[in-house]
1. Given labels modelled 7 Å from the Cα in the Cβ direction, how far is it in nm from R77 to A101?
2. Points 7 angstrom from Cα along the Cβ direction at A48 and I85: gap in nanometres?
3. What does the extension gain come out to for I34 and V67, with contour length at 0.36 nm per residue minus their alpha carbon separation?
4. Going by amide H atoms built from the backbone, whose H comes under 5 Å of the H on G72, apart from near neighbours?
Amino acid sequence: MKKALFPVILSLFTVLILGSALTAMASRTAGAVIDDAAITTKVKYELAEDVKFTTLKVVQVDTERGVVTLTGRVHSRQEKRHASIVARHVSGVVSVRNLLAIVR
């Protein structure tokens, strides 16, 4: 009887350990990834539509958990600041990390 229970108990224990490890690793749900993709798309759209922002082609937008990161190059401090303002006003944005470099 003990020999028959051992594989069952071992299997259950393994499933519990693996399940908790996978849950810890999968910190972003599919819904969160989709939300981040939608935010990225909205930010890119708003930057493209904004007539004050002319350097969209050299600006990359990435979003993780609602935090938008802007990277790339702009021509002035005003453009850098304006990109943050545009991104911050998009629905779902928690904060903006503006890593844009100013090139002249």
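Every read-out reported here was derived from the displayed coordinates using simple, explicitly stated rules and does not represent laboratory data. Since the model is a prediction, treat every value here as computed from it, not as a measurement. Note that each Cβ is placed from the backbone with ideal geometry, even for glycine, and that neighbours are counted across all protein chains shown.
1. 2.0 nm
2. Result for the modelled spin labels: 2.3 nm.
3. Values: separation 33, 0.36 × 33 = 11.88 nm, distance 1.37 nm.
Here the segment from I34 to V67 would lengthen by 10.5 nm.
4. Amide H neighbours of G72, under 5 Å, 5+ apart: Q60, A101.
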